[in-house]
Amino acid sequence: MKKQVVCIATLALLFAGCSSKNISEYNKPDIYWYQKMVRYVSSSDLDKADEYFTSLQSEHFSSPLLKEAMLIMAQAHMDNEEYLMAKYYLDEFIKRYGNDRNVAFAKFLKIKASFLAFKNINRDQKLLQDTIAEAESYKKEYIQNEYMPMVDTMLTKLYMAQYVLNEEIAALYERRGKMKAAKIYRERVKHSWLKKDEIDVPTNWYDYLINW
């Protein structure tokens with residue numbers, strides 16, 4: 001009987017400890033959540049960092065720390081090759097802090113995230129077209145800013161990828177005897193400002209864009 005009482009008391013203390021630990025993770029100042037988030041970003045535990053960001057945003061929606069926290073989380077997910085999550089944070093940043101300079105920077109990072117997400121020229125054709133359109137739209141919206149040289153570099157590499165893709169599709173249609181379809185892609189190649197002898201295609205598709 002005494003053993004049962006001891007066991008029950010021990011379990012009660014254990015659950016009480018767990019409960020008090022959970023309760024202690026509420027109603028904290030914004031700097032607490034921010035520092036916890038940064039700590040887990042530094043240790044590459046982005047799931048935990050996301051949780052602490054959510055707590056920061058939920059409990060301190062008007063905190064001045066949120067602006068920087070969103071950019072930290074966007075960059076952290078980008079570094080971890082989680083590009084959709086990176087773009088989610090950037091979209092939230094634009095909604096909350098959308099003045100001209102901030103939006104230009106956030107949209108540049110979104111283009112960079114899309115660019116880095118490109119892995120395979122044959123599998124990611126829609127991403128290729130969407131990123132080209134995104135970069136061209138950026139150039140029209142922001143005629144000149146400090147990010148434009150990097151946007152131009154990414155766009156040039158994307159156009160190189162598009163050129164090679166059109167070449168490959170045309171060759172594929174020709175091998176299958178579908179000359180009308182092949183002609184469409186040959187025309188696209190013909191009217192490109194790029195020339196085939198100017199493009200040295202690496203064997204690795206990721207290197208194709210990143211290390212060209």
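A few remarks follow.
- Among the candidates 146, 136, the residue that is of a type in the set (Asp, Glu) and closer than 28 Å to residue 69 by Cα is uniquely 146.
- Residue in region 145-163 that is β-branched (Val, Ile, Thr), without any contact (Cβ under 8 Å) to a residue 12 or more places away in the chain, surrounded by fewer than 17 Cβ atoms within 10 Å (Cβ to Cβ) and not in a helix (DSSP H, G or I) present: no
- One residue from 126, 139, 87 being more than 17 Å from residue 162 (Cβ to Cβ) and either outside the structural domain of residue 50 (by TED's automatic domain parsing) or not in a loop (DSSP other than H, G, I, E, B) (or both): 87
- Scanning region 7-30 for any residue that is part of a helix (DSSP H, G or I), modelled with pLDDT of 95 or more, over 20 Å from residue 80 (Cα atoms) and among the aliphatic types (A, V, I, L, M) turns up nothing.
- Search result, residues across region 33-61 that are in a loop (DSSP other than H, G, I, E, B) and either surrounded by 15 or more Cβ atoms within 10 Å (Cβ to Cβ) or within 17 Å of the chain's Cα centre (by Cα) (or both): 44, 45, 60
- Residue check, residue 74 in a helix (DSSP H, G or I), of a type in the set (Gly, Ala, Ser) and free of Cβ contacts under 8 Å to residues at least 40 places away in the same chain: yes
- Restricting 150, 179 to those that are more than 30 Å from residue 89 (Cβ to Cβ) and modelled with pLDDT of 90 or more reduces the list to 179.
- Residue check for residue 114: small (Gly, Ala, Ser) and surrounded by fewer than 13 Cβ atoms within 10 Å (Cβ to Cβ): no
- All positions within region 164-192 that are more than 21 Å from residue 127 (Cα to Cα) and not in a helix (DSSP H, G or I): 176, 177, 178, 191
- Candidates 71, 128: the one that is out of contact with any Pro (no Cβ under 9 Å at 6 or more places or on another chain) and surrounded by fewer than 19 Cβ atoms within 10 Å (Cβ to Cβ) is 71.
- For residue 177: the one exception among (1) at positive phi; (2) in contact with a Phe, Trp or Tyr (Cβ under 8 Å, 6 or more places away or on another chain): (2)
The values are calculated or read from the model by the stated rules, or taken from the named source; none is laboratory data. Quick caveat, the model's predicted, so the values are computed rather than measured. We place every Cβ from the backbone using ideal geometry, glycine too, and count neighbours over all the protein chains shown.
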